[in-house]
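Any read-out appearing in this document is the output of simple, stated calculations on the displayed coordinates, not a laboratory observation. The structure displayed is predicted, hence computed values, not measured ones. Here the Cβ positions follow ideal geometry from the backbone for every residue, glycine too, while neighbour counts run over all protein chains shown.
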Amino acid sequence: MSTPTRPRELPPEVLDVVTPHTQRLVLNRRGSTVWHIETEDPETGKTAAYAVKLGYISESHAWTADAPGREAYVLRTLRPEPIHSGEWGQGTWNIQPWHSGPSLYEKWEPYRAPESSALPDAVDALSCAEALSALHRTGWVHGDVQPAHLIMGDPGVTLIDLALARGRSVPERYDFAYRGCLVHYEAPEISRSVLESGTAVPTRESDVYALGASLMISATGWRHVAYPDDAPRDVQRQAIVDGPHRPVTIPGELGQLVNAMLMPSPADRPTAAEACEALCLAL
């Protein structure tokens, strides 16, 4: 395993746009450094929180340098708030509003306790499905659905990290091929395509599979498919292709829905909108 590099400091190009009152390192891995900053909102004069993402070429990936620039473009098609972005000496950067709240995995931690008899909250699951369904209605596919990207805020869930989104055109300068996502949440057809060609095309159906895998691991602590933690990526992907997925032990209607979302054939999975309908009936 490679040693993490020193986190990239905020470059002059970012500091020309914002003057942080505080800054906190959030992430530093594989071609990406993310800072949480607080600064004065120019419109209200009040303190506001932002995420600053810096992309650069990593040991194994070149696309990470362009990811913040690509994400900024996607976000501008979806949200009214200003999204700042640009280039710096090692890649691209963006500044976007910070979304407060625990991730799905963090919020559902009590359900994973060995002594817990509480059932996972179907309202939370509905909020996640609604966020995904809303994204799909815009013509975008997320491509990287995972518990850490489902922020359980107020009044609802925000899907973050949209650098890998597909479905609508992106300027060629910032575009790059899709080479899969975090393997723990890949659908079989995505893993198969990456193994065969090195790339894949994420779909609404693969997003739904990833949401099902996210709900399962957040509720139970178990990945959707068994493979060694330290197995190479191609071994992990082959396990997903070969299947089957682990039994879904979540009780009740939510468990039945998650099982349907994890069907090996994309055509057999519910859409995100259908998942919302099923969850509404279960409430």
Expressed to two decimals, the range 95-252 has a Cα Rg over Rh, using the Kirkwood radius, of 0.97
Per residue convex hull volume, Cα only, the range 79-124, in Å³ is 120 Å³
Contour minus Cα-Cα span, residue 249 to residue 6, at 0.36 nm per residue, comes to 83.4 nm
Taking the alpha-carbon centre of each part, the distance from the range 164-187 to the range 117-151 in Å is 18 Å
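Of the GluC sites (Glu not before Pro) in the range 86-119, which ones lie in a loop per DSSP and count no more than 10 other C-beta atoms within 10 Å?
115
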Residue 138 and residue 121 label points (each 7 Å along its Cα→Cβ direction) are spaced in nm at 2.4 nm
So the angle from the long Cα axis of helix 188-197 to the longest Cα principal axis of the chain, reported in degrees to the nearest 10, equals 60 degrees
So the pair-distance distribution of the chain, from every Cα-Cα distance in 10 Å bins, comes to percents of 6, 27, 35, 24, 7, 0
Magnitude of the Cβ-charge dipole (Lys and Arg +1, Asp and Glu -1) of the chain about the Cα centre, nearest 20 debye, reported as 400 debye
Between residue 38 and residue 242, the FRET efficiency computed from the C-beta separation at R0 = 51 Å comes out, to the nearest 0.05, as 0.60
Of all trypsin sites (Lys or Arg not before Pro) in the range 29-60, the ones in DSSP coil with at most 10 other Cβ atoms within 10 Å are 46
Reduced to Cα centres, the span from the range 72-95 to the range 1-52 in Å works out to 13 Å
To the nearest 10 degrees, the tilt of helix 252-261 (Cα long axis) against the first principal axis of the alpha carbons of the chain is 70 degrees
With bins of 10 Å, the percent of all Cα-Cα pairs of the range 33-104 per bin from 0 is 19, 45, 31, 5, 0
If one compares the long axis through the Cα atoms of helix 233-242 with the longest principal axis of the Cα atoms of the chain, the angle in degrees, nearest 10, works out at 30 degrees
The residues 181, 280, 128, sorted from fewest to most surrounding Cβ atoms within 10 Å, come out as 280, 181, 128
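Can you put 6, 173 in order, fewest other beta carbons within 10 Å first?
On the way: 6 7, 173 11.
In order of increasing Cβ crowding within 10 Å: 6, 173.
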Note on the range 194-283: the mean projected area of its alpha-carbon convex hull, in nm², is 6.1 nm²
